[in-house]
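K.L.:
I have a structure I would like to understand better, so I am pasting it below and will then ask my questions one at a time.
Just so you know, all these numbers are worked out from the coordinates, no wet-lab data involved. Small disclaimer: the values here were computed from a predicted structure and weren't measured. Every residue, glycine as well, gets a Cβ built from its backbone with ideal geometry; the counts of neighbours run over all protein chains shown.
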Ligand SMILES: Cc1ncc(C[n+]2csc(CCOP(=O)(O)OP(=O)(O)O)c2C)c(N)n1
Ligand SMILES: [Mg+2]
């Protein structure tokens, strides 16, 4: 595929690296091909199953919110290739600093459904121990996590580690000062960090053109980062670019940036109504670039047994859905004492007093209720 | 008189201010086509255009900094911060720039910027969506901080804040957005009334001070206390900075007892300032030390625990019991 550049159409979707076209045909892509030479039919099938699983995870998340089991859910629909392609390129020791939408990356980390849903249910401020899975907790403050990734990577560099950091953020986030500052820090210390921007074209109701007049990836070049702009709905391209970026940052010569051009097919969150601000035609256009369909079509052209694959996918996604439902029905509500836990790492007299007073207050209530029976 | 929800009152007030003064511009994330995540700016971009209702890039420091620049140029920007927890990226622009420009320019540069912030909890949101940041701003010289508690005040106070030549932090109690009330849009407020407290309910035994989201809870508590023979005077503070100490002191001198409630934590909160200042001013009239009923000094908890954190009717009544030296107060002498 020839790479063209036309800055007059920043929202254009042609000017990126692509390996698998939407119809499933594979073209030569000299920049990326050698990073995925090892990829066989079996691997492609696994990527397909992964994407099917996180799509199901997403459908279930939305359904659980509708049923009142979750307070909120941020759909990843449409971004399966971006999350699986990058998530599957990571080594265990690499550390992830995500936003709030990376359920697919969390899935790649093997994060338990319990832990994934806890925050969305409103049962705890976060779900998992970052050190157990090498992934920080979800970040809601837009862009803040990118600086944490830069700092973590500075530490990796100072320690002489071969691991890398990767941080996920959206197109909207690129407007935050924190994200620019993170690139400055990372570049200044040649820190081993990959900035992974999922340009899903929307920041709630604002199109990406509100955040940038050019390509997001070009901004990163200005900071001196090694940069890839890829078709974010092409799991092979994303996998290849992330492998390339990780290899680059591990050389210690500087950070890298990937702009994965994709599309948020769902609402921003379950609290959002996208019909207020975007065109149904745009959705249709992107539905034709579905990340799963193209892998299926490609596997078909390679002579894989599609029927068997879809059966496997069905089984895996059903298991996943059952796990999620089980997680929700068995998740205990938080204890009142959790209010005061972990605010500080060692006892705090003022807070301890509030905790005790409130416990007495609740106990007094219970006694009064008992007495008036 | 019209019956409007709190959010419709804000929307109408913005519309009227924009019609009245062509220099009034709105800025914020998703305030255009979407009308804001709470729909406070619904329909305004359609009617006033993209240069008066400005969907900004996703950067709060940028929004406030650019609003300062527009104000320098003679505009009167009204900024929407999407949620309380997202004002912090703009903290430097608010505290070091917006608050101090008039002083630094020796009065030559006025920055009539209004920063609207949906604040407080009670809507079951994830973290960073339920904060009560008023004390940070009240502590900063050069900023005025107000919070309406009902649709009429939402309408009137917003218009007054926009018309004010000083920067105003305008805190909107988001869990009250849906309440309805009578709104007189022709009401001409007295000059300076934006910074005056209101006696929301008269009473003789105790002064209960609240603002924003908790005024309704305070009024409910007063009704409940009345059934037990305690006559509570409820004061809607309205302005957190400056505080209308004339109204507050007059009430406390009359009742001799004061309970202050807010959602924010107790330590170095607005209640601490009110308690200290009222003690200084009314010491000889007090029958009991001021009592504070507040959120705990913790990060805002997850949704399933927020009802424990937020002062409710029972906790306010417990504070009232303490101030009245009644029964055995459940929360202990120091709450
Ligand atoms: C500092 C901050 N400002 C505002 C918000 C509210 N908000 C949540 S998500 C969002 C849009 C984010 O868009 P983008 O970065 O493109 O990520 P996407 O949601 O598309 O994944 C906004 C404005 C926030 N969470 N944090
Ligand atoms: Mg986006």
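K.L.:
Working from Cα positions, state the angle (0 to 90°, nearest 10) between the long axis of helix B:270-282 and the longest principal axis of chain B.
P.N.:
The helix B:270-282 is inclined about 60 degrees to chain B.
K.L.:
Ok, one more. Give the average, rounded to an integer, of partner chain Cβ atoms located within 10 angstrom of each Cβ in A:142-153.
P.N.:
1
K.L.:
Report, as an integer, the average count of C-beta atoms from other chains found within 10 Å of each Cβ along A:354-367.
P.N.:
Across A:354-367, the average partner-chain Cβ count within 10 Å equals 4.
K.L.:
In vacuo Debye scattering of chain A, one point per C-alpha: log10 I(q)/I(0) at q = 0.13 Å⁻¹?
P.N.:
Ignoring solvent entirely, the Cα scatterers give -1.06.
K.L.:
List, largest first, the extents of the alpha carbons of chain B along their principal axes, each in whole Å.
P.N.:
Largest first, chain B extends 60, 44, 40 Å along its Cα principal axes.
K.L.:
Which residue, A:224, A:143, A:85, tops the fluctuation ranking in a GNM of chain A built on C-alpha contacts under 10 Å?
P.N.:
Checking each option, the largest mean-square fluctuation is seen for A:224.
K.L.:
Using alpha carbons only, what's the Rg to Rh ratio of the protein assembly as shown with Rh from Kirkwood?
P.N.:
Over the Cα atoms of the protein assembly as shown, Rg/Rh equals 1.01.
K.L.:
Hey, what angle do you get for helix B:151-163 against the long axis of chain B, alpha-carbon based, 0 to 90 degrees rounded to 10?
P.N.:
Around 50 degrees separate the two axes.
K.L.:
Regarding the stretch A:43-173, what is the average projected area of its C-alpha convex hull, in nm²?
P.N.:
Average projection, Cα convex hull of the stretch A:43-173: 8.1 nm².
K.L.:
If I stretch the segment between residue B:283 and residue B:228 completely, what's the gain in nm (0.36 nm per residue apart, minus their alpha carbon distance), one decimal?
P.N.:
17.1 nm
K.L.:
Rank by packing, highest mean first: peptides A:17-26, A:47-56, with packing defined as the count of other Cβ atoms within 10 Å averaged across residues.
P.N.:
A:47-56, A:17-26
K.L.:
Could you check the spin-label model distance between residue A:373 and residue B:204? Points 7 Å from the Cα along Cα→Cβ, value in nm.
P.N.:
Between residue A:373 and residue B:204, the label points sit 4.1 nm apart.
K.L.:
In deg cm²/dmol and to the nearest 500, what is the mean residue ellipticity at 222 nm of chain B if only DSSP H runs of at least 4 residues count, each as -39500 (n - 2.57), divided by the residue total?
P.N.:
After summing the helix terms and dividing by residue count, I get -9500 deg cm²/dmol.
K.L.:
Sticking with this structure for a sec: How big is D, in µm² s⁻¹, for the stretch B:2-193 by Stokes-Einstein at 10 °C and 1.306 mPa s if Rh is the Kirkwood radius over C-alpha pairs?
P.N.:
My calculation gives 97 µm²/s for D.
K.L.:
Something else: As I understand it, the value is the acute angle between the Cα axis of helix A:41-66 and the longest principal axis of the Cα atoms of chain A; what does it come to in degrees, rounded to 10?
P.N.:
Around 40 degrees separate the two axes.
K.L.:
Another one. Just A:140, A:216, A:166 to compare: in a GNM of chain A, with alpha carbon springs under 10 Å, which one fluctuates most?
P.N.:
A:140
K.L.:
With a Förster radius of 56 Å, plug the Cβ-Cβ distance of residue A:284 and residue A:162 into 1/(1 + (r/R0)^6) and report the FRET value to the nearest 0.05.
P.N.:
Working from the Cβ atoms, E equals 0.80.
K.L.:
If each DSSP helix of 4+ residues adds -39,500 (n - 2.57) and the sum is divided by the residues in chain A, what number results at 222 nm, nearest 500 deg cm²/dmol?
P.N.:
-14500 deg cm²/dmol
K.L.:
Oh, and also: Report the semi-axes of the equivalent ellipsoid for the stretch B:198-323 in whole Å, largest first, where each axis is √(5λ) for an eigenvalue λ of the Cα gyration tensor.
P.N.:
22, 17, 13
K.L.:
To continue, here is another question. Specify whether the C-alpha gyration tensor of the stretch B:49-145 places it in the rounded, prolate or oblate class, a ≥ b ≥ c being the square roots of the eigenvalues: rounded for a/c under 1.5, otherwise prolate if a/b is larger than b/c and oblate if not.
P.N.:
It is oblate, given that a/c is not under 1.5 and a/b is not larger than b/c.
K.L.:
By how many nm would the segment from residue A:329 to residue A:293 grow when fully extended, if each residue of separation counts as 0.36 nm and the alpha-carbon distance is taken off?
P.N.:
9.7 nm
K.L.:
Stick to Cα atoms and the Kirkwood definition of Rh, then tell me Rg/Rh for the stretch A:245-352.
P.N.:
Expressed as Rg/Rh, it is 1.14.
K.L.:
Need one number: % antiparallel among DSSP beta bridges in the protein assembly as shown, to the nearest 5.
P.N.:
Looking only at bridges with both residues in the protein assembly as shown, the antiparallel portion is about 20 percent.
K.L.:
Over the whole of B:59-69, what's the average partner chain Cβ count within 10 Å per residue? Rounded to a whole number, please.
P.N.:
2
K.L.:
Relative to the compact globular guide of 2.2 N^0.38 Å, what is the alpha carbon radius of gyration of the stretch B:102-258, as a ratio?
P.N.:
Cα Rg divided by the expected 2.2 N^0.38 Å: 1.10.
K.L.:
Could you tell me what a quarter of the Cα convex hull surface of the stretch A:145-227 works out to, in nm² with one decimal place?
P.N.:
5.0
K.L.:
Which peptide among A:256-264, A:300-308, A:170-178 comes first, and what is the full order, when sorted by highest mean count of other Cβ atoms within 10 Å?
P.N.:
My ranking of the peptides, most packed first, is A:256-264, A:170-178, A:300-308.
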